[in-house]
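K.L.:
The structure under discussion is supplied below as structure tokens; questions concerning it will follow.
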Amino acid sequence: MLRFFLIRLGQSIPTLLAIYTITFFMVRSAPGGPFSQERKVAPHIIEAQMEYYGFNDPVYVQYFRSLEQHLTFDFPPLTSYPGLTAGDIIGESFPVSLELGIWALLVALLFGIPTGVLAATKQNTAADYAPMSMAMLGICLPTFVIGPLLALFFGVWLGWFKVSGWFDLSDRILPALTLGLFYAAYVARLTRVGMLEVLGMDYVRTARAKGLPERIVVLKHALRGGVMPVVSFLGPALAGLVSGSFVVETIFQVPGLGRHFVQAALSRDHSLVLSTVLFYAALIILANVAVDAAQILLNPKLRKR
Amino acid sequence: MHFWIKTILLSSCALLLSSCGKQESRNSLRIGNGAEPRTLDPQQAVSLAEAHVITALFEGLLSEPSTDDALFEPGIATSWEANEKLTQYSFTLRENARWSDGTPINADTFLSSFERILNPQLSAQNSELLFDIKNAKAYHMGEIKSFDQVGLSAPSEYTLVITLEQPTAVFLQKMKHWSWFPVPVHFIEQKGGLYDIANPWASSNDLVSNGPYMLDRWQRNQRITIAKNEAYWDAPTISIERVEFYPFENTQSEYRAFLAGQLDITEEIPSELKDQKLDGARADPLLATSYLLLNNEFPSLSDPNVRRALSAAIDRGKLIKSIVKTGFPASRFTPAAMPLYPLGDTSPPPAPELPRELVAQINANGPLRLVVSNRDVSIAVAEALQEMWRRELGIEIRIENMEFKSFLDRLDNGDYDISYIAWFGDYLDPFTFLGIWQSESQYNRARWENSSFDKLLDQSATQADPAQRLETLHKAEDLLTEQMPIIPLFWKSKDYLVSPHVRNWPASLTDIRSYKHVELKH
């Protein structure tokens, strides 16, 4: 197991370096600079700011300086928030995205898995078609439609929740639902497929033959194998969930990382773009490693290899 | 499994219950504020979202008026007088002005503040607004090393004398701008270098300020809370204890927050609702003009007749009615809302007939490129213009739309033929509109030079007699309308929502206002 982790982490180093290099040159090749404004800025002022942030140095100097800064976690001041660094921004906004992601994940699993199990056990009945049609709808309806609808219904009309903000615990519900329902739809479909496959297997028949109640057969014997597709889907999904969703964060005014991720690119904040991309990449790598580990734990066949 | 399900169900119930104890915000004014401010440093801030917070935190020599008709009222200065030639202004400061940490404010505070914004190291964008001060520009450009040569002096502890480059009639108007606010030099130095661009003083929660309010907490991308500053000299007149600024990038989200009672004032109305009669909707005229920026160096557009014909072919009323849904058709560049600047006869000169050969020649040069950003309604406006010009003149246009920074890059490099953009005036004088089209102005992206226009504006700057000066500015305006290096489209207005609880919310032509006299009635 330890060897497995070491190999996977070793593989991630060249990946991250490649991502760093591509991002570094891509942000610099985008037209427009961090200091241009709607009201034209005097050239000498742009020049002085470029000098201050070190953008006038040769590109290779900037490349290695920025690399060193990321390796030592010693980030430079940002152009879009003078006085703050990428470390400050990620440090204050990632916990928010993480929390929202966890709530959304709970929503996804709480709605998704039972629905999928139910649909699989009642295959080709109304109890299968109805939730699966809903799930299809959930996948097709983008968050920017669901979010405002939920806000309008529960916030403006019913007045149960605030329509935006991230202050009280109750402010978590609408964004978590919006983000989670989309994933719940996927989880439900994947659970259904996984369960259908497992329910037809010999060991399930054996369990039934032993006279076990159907509830135990489904929840204890079949579910463990049936959620495998969900587990492998969760890796990238988890990284996507916790790294923040620009759309949901904008609709509900959630101060998460997703907004910075987009805003940094729009405002040409080179340093913030690099740091958030690398952070996101590292998250995806970690999540995938975690999923592989989880699959090994769940599936004894993989352990022997 | 069962244990987990129970835990999750229980925690969801707890969540639901906690939402019931909603807190009502008492005596705090909640304002939607558009984009998230980049900084709260008055000398480095450039956007209105930043200025909305800064004008509550800081106060300059003069302050925003509390009534709609006054131009300014005393701030840190109690009285002021100008010499006869209007080249020197002397201010008497109040002796009870303090920073929020108790440090007294005197004339030296202003000297060191002005020294900071003009210092080339800080490279402040708005330093340009202080160039009326004698030698200020030379100091900023590094031509003069000693600040003593700049026209600022403090003959006594509470007297500040400002000497100008030339007579400036609207000086008091201009210096109301936030770039003229004092900054807490002692606090800035405590947090880092005085001229360090990235000094974190203006984003720290213990920010020291001198205005009616002080920073309570800045929760990035959530809200900025400011609380009444008890050290403020006029603290007893302030009735609202706290003001909260919420950044809303999405106007629909902001509108829902207003409907749900989470906001008292919005920054905007979603563009698709601007023509509906919403409760609490206000449309305050702004000193701002949307216009078409023309590249006057482009051969087809270097002919004033072509530019006039393009302008005459635009049905501005139709554009407003069907697309932008706000504002007024512009017959000249300076908005009609400009105080003390009568509109006069602004019927544009009769549109010339464009000979067919000329149109053919323009189209032969390839379609004119109309470069727009992908923000709000720009693309819809561009498409309507394309149609109007094709129908009325037979001139073909190619629309190129792009993301905002790429768009700015195209403008700065002159890589466009026509573009759609807006200009916001800084102060209540036509010069803030006309001045940008002088050949030497840094803001002149139109690549247009006209020596008679330059001369008229230079002349106006030195005219001490207001009536004479306005006459000169009118001449310049007429010349601009006749030559049409840019095509004015609309005079903008600020469309937003104000809750009925809010009293005395002043209209403002520059969208900068004092919150001192605003009250909340529940």
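K.L.:
Hey, any idea what the orientation-averaged projected area of the convex hull of segment A:86-304's Cα atoms comes to, in nm²?
P.N.:
14.4 nm²
K.L.:
I've got another one for you. Find, among the GluC sites (Glu not before Pro) in segment B:400-443, those assigned to loop by DSSP (not H, G, I, E, B) with at most 13 other beta-carbon atoms within 10 angstrom.
P.N.:
Within segment B:400-443, the qualifying GluC sites (Glu not before Pro) (loop, at most 13 other Cβ atoms within 10 Å) are B:Glu440.
K.L.:
Now a separate question. May I ask you to work out the translational diffusion coefficient for segment A:186-242 at 37 °C, viscosity 0.692 mPa s, via Stokes-Einstein with Rh from the Kirkwood sum over Cα pairs, reported in whole µm²/s?
P.N.:
274 µm²/s
K.L.:
Could I ask something else about it? Identify the residues of segment B:144-187 with backbone N under 15 Å of a label point that sits 7 angstrom from the Cα of B:Asp101 along the Cα-to-Cβ direction, or state none.
P.N.:
Counting only backbone N, you get B:183-187.
K.L.:
Take B:Arg503, project a point 7 Å from its Cα along the Cβ direction, then tell me which residues of segment B:225-263 have their backbone nitrogen under 17 Å from it.
P.N.:
Output list for this probe position: B:237-242.
K.L.:
On to the next question. Just to verify a number: FRET efficiency for B:Glu143 and B:Thr78, C-beta to C-beta distance, R0 = 56 Å, to 0.05?
P.N.:
0.95
K.L.:
Once both labels are modelled 7 Å past Cα along the beta-carbon direction, what's the B:Ala422-A:Glu214 spacing in nm?
P.N.:
6.4 nm
K.L.:
From the residues B:Ala380, B:Thr87, B:Ser153, which one has its Cα farthest along the dipole of chain B in the positive direction, the dipole being from +1 and -1 charges on Cβ of Lys/Arg and Asp/Glu about the Cα centre?
P.N.:
B:Ala380
K.L.:
For segment B:79-171, take the alpha-carbon Rg, divide it by the Kirkwood Rh, and send me Rg/Rh.
P.N.:
Checking Rg against Rh, the ratio lands at 0.98.
K.L.:
Another question about this same structure. By DSSP, what percent of the beta bridges with both residues in the protein assembly as shown are antiparallel, rounded to the nearest 5?
P.N.:
80 percent
K.L.:
Summing both sides, how much accessible area is buried between A and B? Use a 1.4 Å probe and give Å² to the nearest 100.
P.N.:
5100 Å²
K.L.:
Continuing with the same structure: Does segment B:356-406 come out rounded, prolate or oblate, given a ≥ b ≥ c as the square roots of the eigenvalues of its C-alpha gyration tensor, rounded meaning a/c under 1.5 and, failing that, prolate meaning a/b above b/c?
P.N.:
Taking the square roots of the gyration eigenvalues as a ≥ b ≥ c, segment B:356-406 is oblate.
K.L.:
Now for a separate question. What do you reckon, how do B:Lys85, B:Lys174 stack up by accessible area (1.4 Å probe), largest on top?
P.N.:
Greatest to least solvent exposure: B:Lys85, B:Lys174.
K.L.:
So for the pair B:Asp465, A:Ile296, with labels modelled 7 Å out along Cα→Cβ, what separation do we get in nm?
P.N.:
9.3 nm
K.L.:
Let me ask another. What FRET efficiency would be calculated for the residue pair A:Val145, B:Glu241, taking the C-beta separation as r and a Förster radius of 51 Å, to the nearest 0.05?
P.N.:
After rounding to 0.05, the efficiency reads 0.85.
K.L.:
Once the mean 1/r over all distinct Cα pairs of segment B:284-494 is inverted, what Kirkwood radius in angstroms do you read off?
P.N.:
Across segment B:284-494, the inverse of the average 1/r is 17.6 Å.
K.L.:
Over the Cα atoms of chain B, how large are the radius of gyration and the largest Cα-Cα distance (Dmax), in Å?
P.N.:
25.3, 88
K.L.:
Rank A:Asp269, A:Asp57, A:Asp292 by mean-square fluctuation in a GNM of chain A with C-alpha springs under 10 angstrom and give only the top-ranked residue.
P.N.:
With Cα springs under 10 Å in chain A, the top fluctuation among A:Asp269, A:Asp57, A:Asp292 is at A:Asp57.
K.L.:
By how many nm would the segment from B:Asn305 to B:His522 grow when fully extended, if each residue of separation counts as 0.36 nm and the alpha-carbon distance is taken off?
P.N.:
Extra length available between B:Asn305 and B:His522 comes to 72.3 nm.
K.L.:
Here's another thing I want to ask about it. When the chain is fully extended, how far beyond the present Cα-Cα distance does B:Ala70 get from B:Glu189, taking 0.36 nm per residue of separation?
P.N.:
The B:Ala70-B:Glu189 span can extend by a further 39.2 nm.
K.L.:
Which whole-number percent is the relative contact order of segment A:86-304 (Cα, under 8 Å, 6+ apart)?
P.N.:
30 percent
K.L.:
Here's a follow-up. Using 0.36 nm times the number of residues separating B:Arg398 and B:Ile379, minus their current alpha carbon distance, what extension gain do you get?
P.N.:
5.7 nm
K.L.:
Now for a separate question. For every helix of n ≥ 4 consecutive DSSP H residues, a contribution of -39,500 (n - 2.57) applies; sum these over chain A, divide by its total residues, and give [θ] at 222 nm rounded to the nearest 500 deg cm²/dmol.
P.N.:
That comes out to -23000 deg cm²/dmol.
K.L.:
Just to compare against my own numbers: the Cα pair-distance distribution for the protein assembly as shown, 10 Å bins, whole % per bin, please.
P.N.:
Spelled out per bin, shortest first, that is 2, 11, 19, 22, 20, 13, 7, 4, 2, 0, 0.
K.L.:
Ok, one more. Can you figure out the FRET efficiency of A:Met134 with B:Val161, using R₀ = 56 Å and their beta-carbon distance, to the nearest 0.05?
P.N.:
Computed FRET efficiency for A:Met134 and B:Val161 comes out at 0.15.
K.L.:
Between their Cα atoms, which of B:Lys176/B:Lys494; A:Lys40/B:Lys318; A:Lys122/A:Lys220; B:Lys134/B:Lys516; B:Lys174/B:Lys455 are more than 27 Å away from each other?
P.N.:
Too far apart for the 27 Å limit: A:Lys40/B:Lys318; B:Lys134/B:Lys516.
K.L.:
Could you give the distance between the Cα centres of segment B:354-419 and segment B:160-222, to the whole Å?
P.N.:
Value for the Cα centre distance between the two parts: 41 Å.
K.L.:
Which net charge results for the neighbourhood of B:Thr225, defined as the other residues with beta-carbon distances under 9 angstrom from its beta-carbon, given Lys and Arg at +1 and Asp and Glu at -1?
P.N.:
Once positives and negatives cancel, what remains is +1.
K.L.:
Let me ask something else. Rounded to two decimals, what ratio of Rg to Rh does segment B:207-289 give with C-alpha atoms and a Kirkwood Rh?
P.N.:
The Rg/Rh ratio comes out at 1.05.
K.L.:
D for segment A:85-215, whole µm²/s, Stokes-Einstein with Kirkwood Rh over alpha-carbon pairs at 20 °C and 1.002 mPa s: what number?
P.N.:
Value of D from the Cα-based Kirkwood radius: 127 µm²/s.
K.L.:
Grab every C-alpha pair in segment B:354-461, bin the distances at 10 angstrom width from 0 up to the longest one, and report whole percents.
P.N.:
Each 10 Å bin holds this share of Cα pairs: 13, 33, 33, 20, 1.
K.L.:
Assigning unit charges at the beta carbon (Lys, Arg +1; Asp, Glu -1) and nothing else, what dipole magnitude in debye, to the nearest 20, does the protein assembly as shown show about its Cα centre?
P.N.:
Charge dipole of the protein assembly as shown: 4640 debye, to the nearest 20.
K.L.:
Right, something else. Roughly speaking, what is the centre-to-centre gap between segment B:57-90 and segment B:448-522 when only Cα atoms are used, to the nearest Å?
P.N.:
18 Å
K.L.:
At what distance in nm do the modelled label points of B:Ser28 and A:Tyr203 sit from each other, each positioned 7 Å from its Cα along Cα→Cβ?
P.N.:
For B:Ser28 paired with A:Tyr203, the spin-label model returns 5.6 nm.
K.L.:
To the nearest Å, what is the center-to-center distance of segment A:98-159 and segment B:267-312, using C-alpha atoms only?
P.N.:
44 Å
K.L.:
Also: With a probe of 1.4 Å, find how much accessible area chain B has per residue, and write the answer as a whole number in Å².
P.N.:
41 Å²
The values are calculated or read from the model by the stated rules, or taken from the named source; none is laboratory data. Everything numeric in this text was worked out from a predicted model, so none of it was measured. A quick note on method: Cβ atoms are made from the backbone with ideal geometry, for glycine too, and the neighbour counts reach across all protein chains shown. For the accessible areas, the whole protein counts, side chains as well, though only heavy atoms, and no ligand, DNA or RNA atoms are used. Shrake-Rupley method; radii C 1.70, N 1.55, O 1.52, S 1.80 Å.
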